[in-house]
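See structure below.
The values are calculated or read from the model by the stated rules, or taken from the named source; none is laboratory data. Computed from a prediction, not measured in an experiment: that's the story for all the values here. Note that each Cβ is placed from the backbone with ideal geometry, even for glycine, and that neighbours are counted across all protein chains shown.
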Number of protein chains: 2
Amino acid sequence: MAGKKSINCQESGCLKCHGGFCGQRVPIFSGLKESDYAKVAGLIVHKDYDKGEMIFREGDLFPYLAIVRTGLIKTFKYTIEGREQILGMFGEGDFVGEINLLSGKPCSANCAAINKTGLCLIPRDSFQALLKQHSDIMFLILEELATRVGRLESLVQQLGTQNADSRLIALLIQLGERYGKDQGENLLVELPLSREGLANYIGVTRETVSRKLNQLKEDGLIELIGNRKVLIKNLVILRERA
Amino acid sequence: MAGKKSINCQESGCLKCHGGFCGQRVPIFSGLKESDYAKVAGLIVHKDYDKGEMIFREGDLFPYLAIVRTGLIKTFKYTIEGREQILGMFGEGDFVGEINLLSGKPCSANCAAINKTGLCLIPRDSFQALLKQHSDIMFLILEELATRVGRLESLVQQLGTQNADSRLIALLIQLGERYGKDQGENLLVELPLSREGLANYIGVTRETVSRKLNQLKEDGLIELIGNRKVLIKNLVILRERA
DNA sequence: CGCGCAGTTGATTAGGTTCAAGGGATGTGG
DNA sequence: CCACATCCCTTGAACCTAATCAACTGCGCG
């Protein structure tokens, strides 16, 4: 056993990953040749995080590109009042830490594990060298950053909306698109976040989320299954109500 | 004269710009050699916009990288309620349109001129070719996108803050950092936006901006000079109040 | 000089926060 | 497998802030 919390695959060339997850299934490396991929794999360090554990903090130097191998993480900032404002969520194959990769600037936000999470860390220097040789990777990162800008813009749009119903509905639809499974007419959404988490995404209190969710249930638009599942019964009307 | 609203410098190799503004004073081209710069200049198309005029709309294909030569522009989305939510402002030397450059995707937001504005437009195809030859430009764009992500994150943080005072103060400080001029103890800020513009930045109504601004004046923290200037008298206390 | 837009100010209202208490689910250890 | 503890969620009531609606002011401009 290589320890409980941190498994370093450096010597083995990360055989555990190679042919497995972190690498070919990661979009930004999808274009690499076998031989190049082996080089990358040799640099990867594995690290596991418990639910709720911090990965980096705003202001930290975090000299890695972190790829999510398993689990789910979030980036967030603290509002002036001290509430946690979620900025984004990142699942398998997504990466964070790109900012410090380039300029060596400190982190612009906090990052924590939502669930038990395994990351693949690529040290900054190694990655920069890789980038220079493979401009196609740079291109993919550029694209990813552009879509990230797009997502943040949508979040700004959501938070700019006064109405709490609209914000919550927009979030539900969004989560549905990302995590929903079709169930005949309906869409079953496994929520990655608690009520408080949802609240911290859309800038309201957890009580409001609770109330609005139950209101939507009473209006027959959704069904609440336990605390972590929502069945969207009428996406069309839900969209209209936003 | 080459027309009132659109000046195409293609034939002349954009002599007007060369040695003048759009090019060497634009950060992303700062590393180009004279000869390479001449190539870029030959591709540039000038276009002028009146105050309030749309540059592109959400969903448009806008196959240009647009560099601000003179003036000021904003990107924005419409909230679900129909209010205009400003996403960002871009002044001389800044660029927009990077998203469609790569993937050819439609615009994720609207863009309009805040003041009379002159843009330098570089057609997408030409720019992509340029990027392939100059990975250093790609790198600069990557960096710019990263800072843009950072700004949007801060905006999300601001909008996630419930308190309207805090939001407005945060905006004032931000504008102060960007547009402020030191006046001894004080900081004079030329506002690039109307009250309504400020309101559309921080997701409140123009009435609220007006009230809060006057309250800050009465508390001796700021001085209002006409409608487009604010004198910040005590930045330290202002920060505390946020 | 007067028109029109931008900003201000006031009164009212509505919606969400806050504070407080009760109810369920989940998981752990006996 | 049940009992218990904890965490999370729900629900209620009061409050408060910012939106809304409406009228007024004043500045800039033709």
For residue B:218: the one exception among (1) out of contact with any strand residue (DSSP E or B) (no Cβ under 9 Å at 6 or more places or on another chain); (2) surrounded by 14 or more Cβ atoms within 10 Å (Cβ to Cβ); (3) among the acidic types (Asp, Glu); (4) away from chain A (no Cβ under 14 Å)
(2)
Against the condition at pLDDT below 95, within 19 Å of residue A:62 (Cα to Cα) and within 17 Å of the chain's Cα centre (by Cα), how does residue A:145 come out, does it pass?
yes
Taking residue A:114, is it buried (at least 19 other Cβ atoms within 10 Å of the Cβ), more than 7 Å from every other protein chain (Cβ to nearest Cβ) and touching a helix residue (DSSP H, G or I) at 6+ places or on another chain (Cβ under 7 Å)?
no
Could you tell me whether residue A:94 is of a type in the set (Asp, Glu), without any contact (Cβ under 8 Å) to a residue 40 or more places away in the chain and under 25 Å from residue A:190 (Cα atoms)?
yes
Looking at (1) within 16 Å of DNA strand C (Cβ to nearest atom); (2) at positive phi, find the lone condition where residue A:164 falls short.
(2)
Could you tell me whether residue A:168 is within 14 Å of chain B (Cβ to nearest Cβ), at pLDDT 95 or above and surrounded by 22 or more Cβ atoms within 10 Å (Cβ to Cβ)?
yes
Restricting attention to region A:153-165, the residues that are surrounded by 22 or more Cβ atoms within 10 Å (Cβ to Cβ) and in contact (Cβ under 8 Å) with a residue 40 or more places away in the chain number exactly 3
Mind telling me which of the residues A:55, A:86, A:122, A:99 ends up being out of contact with any strand residue (DSSP E or B) (no Cβ under 7 Å at 6 or more places or on another chain) and either of a type outside the set (Gly, Ala, Ser) or at pLDDT below 90 (or both)?
A:99
Quick test for you: out of B:196, B:177, pick the one residue that is under 24 Å from residue B:74 (Cα atoms) and at pLDDT below 95.
B:177
Within region B:172-190, considering residues that are surrounded by 19 or more Cβ atoms within 10 Å (Cβ to Cβ) and within 16 Å of DNA strand C (Cβ to nearest atom), the one nearest to the other protein chains (Cβ to nearest Cβ)
B:172
Residue that is nearest to residue B:129 (Cα to Cα), among those in region A:117-152 that are within 8 Å of chain B (Cβ to nearest Cβ) and touching a residue at least 40 places away in the same chain (Cβ under 8 Å):
A:141
Residue A:228: touching a residue at least 12 places away in the same chain (Cβ under 8 Å) and exposed (fewer than 14 other Cβ atoms within 10 Å of the Cβ), yes or no?
yes
How about region B:115-150: which of its residues are hydroxyl-bearing (Ser, Thr, Tyr), under 21 Å from residue B:69 (Cα atoms) and part of a helix (DSSP H, G or I)?
B:126, B:147
Considering only residues of region B:167-199 that are on the phi < 0 side of the Ramachandran plot and assigned to a loop (DSSP other than H, G, I, E, B), which is farthest from DNA strand D (Cβ to nearest atom)?
B:185
In this structure, is residue A:202 more than 10 Å from DNA strand D (Cβ to nearest atom), within 24 Å of residue A:83 (Cα to Cα) and either surrounded by 14 or more Cβ atoms within 10 Å (Cβ to Cβ) or more than 14 Å from every other protein chain (Cβ to nearest Cβ) (or both)?
yes
Could you pull out the residue among A:207, A:223 that is charged (D, E, K, R), loosely packed, with under 14 Cβ neighbours inside 10 Å and not in a loop (DSSP other than H, G, I, E, B)?
A:207
Quick test of your reading of the structure: residue A:209 fulfils all but one of (1) within 13 Å of DNA strand C (Cβ to nearest atom); (2) in contact with a strand residue (DSSP E or B) (Cβ under 7 Å, 6 or more places away or on another chain). Name the failing condition by number.
(2)
